[in-house]
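Just so you know, all these numbers are worked out from the coordinates, no wet-lab data involved. Fair warning: this is a prediction, and the values are worked out from it, not measured in the lab. Heads up, the Cβs are rebuilt from the backbone with ideal geometry, glycines too, and the neighbour counts pull from every protein chain shown.
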Amino acid sequence: MEVGTGCGTSGLWLLHGMAPEGILTTVDVNGARQDFARGLFSRAGAGAGRARLIRGSAGEVLPRLTDGGYDLVLVDADAVSYPFYLEEARRLLRPNGLVVFHNAMVSSPEPDGPLRAPDPGETAVREVIRTVREDERMVALLLPVGSGLLAAIRS
């Protein structure tokens, strides 16, 4: 499961790493991006049934997906919604499933305070990191790769 199809790059890597019978479900509100990704998947040899691209808001789509139906949830979407995506990922993941958040270490060089209002995206990312760290059902790892990855296994 991928939240934020983008141009399909991460989805393509997920497809390459999946078992041959695996199906990638990817959600994005931008239809042009999904069309591009669909073409990329096809040119890379991913069969028509290997990727299910759902066009729509993740806020509307994720609640309709099957509980415990996914091994991995990759989130590369609007950071403000990360707390919601974490809540949905915990529901969507099978036991020992993995949730990964992109841009987990993005922050402004200026601290929040009297000269700078808190950034909603940064605040949401910090909330997700804190929530995962405090959740006894999750084992987390923060990777300083690029803009940071937060990975957490659901026990």
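Some observations on this one:
- On full extension, the segment bounded by Leu65 and Ala19 gains 14.5 nm, given 0.36 nm per residue less the C-alpha separation.
- The C-alpha atoms of the chain define a longest principal axis, and helix 31-43 lies at about 50 degrees to it.
- Nitroxide proxy distance, nm - points 7 Å out along Cα→Cβ at Ser155 and Leu141: 1.6
- Working from label points 7 Å from Cα in the Cα-to-Cβ sense, the Asn30 to Met105 distance is 2.5 nm.
- With at most 15 neighbouring Cβ atoms within 10 Å, loop GluC sites (Glu not before Pro) (DSSP) excluded, longest segment of the chain: 22-135
- Entry note, the chain: relative contact order of 20 percent, from Cα contacts under 8 Å with a spacing of 6+ residues.
- As an equivalent ellipsoid, the chain spans semi-axes of 27, 18, 14 angstrom, where each value is the square root of five times an eigenvalue of the C-alpha gyration tensor, largest first.
- Taking the longest Cα principal axis of the chain as reference, the axis of helix 82-92 is set at about 50 degrees.
- Unit charges on C-beta of K, R, D, E only; dipole of the chain, Debye: 480
- Relative to the dominant Cα principal axis of the chain, helix 120-134 is inclined by about 90°.
- Residue exposure sequence - His16, His102 - by fewest surrounding Cβ within 10 Å: His16, His102
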